[in-house]
Amino acid sequence: MGERPKSVEDSAPWDRVLGLGCDLRVEIEITDFRVRDATALAPEAVISTKWSVSTEVPLAVNGQLIAWAEFDVCDGHLAARVTELA
């Protein structure tokens, strides 16, 4: 019988990097947004998009696609719910 694979928590090589910060990014494309729109932004401005709440968007860590997510509201905050790993 083979040896049981170690989990990430049990893996010594991961111990050194688990606490490091990383850049998590969820981006949506807004094709009809212009520079003049960006210069007119003010606090509490709402940017209208053609994306629906349940549309999957790419989720990247340090520029590397790791998953797909959809926007959700959690305790009054905008959240990204992971739907599929890349």
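Just so you know, all these numbers are worked out from the coordinates, no wet-lab data involved. All figures in this text were calculated on a predicted structure; none of them were measured in a lab. Methodologically, a virtual Cβ is constructed for each residue, glycine included, from the backbone with ideal geometry; neighbour enumeration extends over all protein chains shown.
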Test item: Cα-centred dipole of the chain, Lys/Arg +1 and Asp/Glu -1 on Cβ, debye: 180 debye
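Could you give the length gained on full extension between ASP32 and ALA60, defined as 0.36 nm per residue of separation minus the Cα-Cα distance, in nm? Kindly include the intermediate steps, with their values, before the conclusion.
Numbers: separation 28, 0.36 × 28 = 10.08 nm, distance 2.34 nm.
So the chain would gain 7.7 nm between ASP32 and ALA60.
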Net lengthening on full extension, ILE47/TRP14 (0.36 nm per residue, minus Cα-Cα): 7.9 nm
Kirkwood-Stokes translational diffusion coefficient of the range 16-86, alpha-carbon pairs, 10 °C, 1.306 mPa s, µm²/s: 111 µm²/s
Net charge, VAL53 excluded, C-beta distance under 9 Å - Lys, Arg +1, Asp, Glu -1: -2
Ellipticity estimate at 222 nm from DSSP helix runs (n ≥ 4, -39,500 (n - 2.57)) divided over the chain, nearest 500: -2000 deg cm²/dmol
